[in-house]
1. Report, by residue number, each residue of the range 128-162 that is in a loop (DSSP other than H, G, I, E, B) and either crowded, with 24+ Cβ neighbours inside 10 Å or modelled with pLDDT of 85 or more (or both).
2. What's the number of the condition residue 125 fails, among (1) over 30 Å from residue 37 (Cα atoms); (2) surrounded by fewer than 24 Cβ atoms within 10 Å (Cβ to Cβ)?
3. Any residue that is modelled with pLDDT of 85 or more and over 23 Å from residue 134 (Cα atoms) - is there at least one of those in the range 13-23?
4. Does the range 193-206 contain any residue that is under 18 Å from residue 80 (Cβ atoms) and either modelled with pLDDT of 75 or more or loosely packed, with under 14 Cβ neighbours inside 10 Å (or both)?
């Protein structure tokens with residue numbers, strides 16, 4: 001029994017690492033928190049924390065719907081998983097390359113505005129705070145690519161791969177909660193140089209992950225194209 005569970009746990013951890021590395025620079029909790037600070041404006045600390053909790057919850061729900069409904073959308077349009085892996089891998093790699101070569105631009109909050117209340121900001125929880133600020137179109141494409149990448153030869157392997165993806169999304173949204181909930185304090189304590197340094201490292205990992213996902217889909221398509229039928 002232990003011999004059977006061990007590889008599944010390793011698969012979950014491996015896919016958690018892949019999904020976390022791929023989604024982190026796109027969700028970008030610290031960088032997005034600075035933008036969120038400017039959009040939300042001055043408000044009480046309790047308002048920021050309650051709003052951050054709602055945004056984190058909606059982000060988990062949104063990405064899980066994309067993950068689970070993605071297969072139905074692919075079936076409806078007749079798109080195969082290897083094609084999604086190739087397209088998603090290319091998109092992911094291009095994003096990593098763009099972020100890797102992007103100049104360091106300081107993220108500044110907007111000019112001070114009258115204090116905002118939780119009620120006034122509630123209507124913005126999904127749009128624009130969840131989509132596209134926290135989980136934009138790029139995050140949706142990458143989530144679809146990861147969902148396709150999670151499809152394995154057996155159902156049990158696919159389940160544990162999907163578990164790794166869910167855990168990655170959950171951990172990232174917990175980070176979003178703390179980053180958004182304490183955005184004013186983060187703006188005072190975390191230097192822009194630190195944020196940009198972290199993003200440079202993760203951007204290179206993102207590029208490598210994109211190439212890996214692309215190659216897995218391309219390898220499958222090449223084998224199908226070169227298959228010799230009897």
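The values are calculated or read from the model by the stated rules, or taken from the named source; none is laboratory data. Remember, it's a predicted structure, so these values are computed and weren't measured experimentally. Counting neighbours? That spans all protein chains shown, and the Cβs are built from the backbone with ideal geometry, glycine included.
1. So the first thing to find is which residues in the range 128-162 are in a loop (DSSP other than H, G, I, E, B), and the list is 135-136, 151-154.
Passing the criteria: only 135.
2. (1)
3. So far as the range 13-23 goes, yes, one or more of its residues are modelled with pLDDT of 85 or more and over 23 Å from residue 134 (Cα atoms).
4. No, the range 193-206 contains no residue that is under 18 Å from residue 80 (Cβ atoms) and either modelled with pLDDT of 75 or more or loosely packed, with under 14 Cβ neighbours inside 10 Å (or both).
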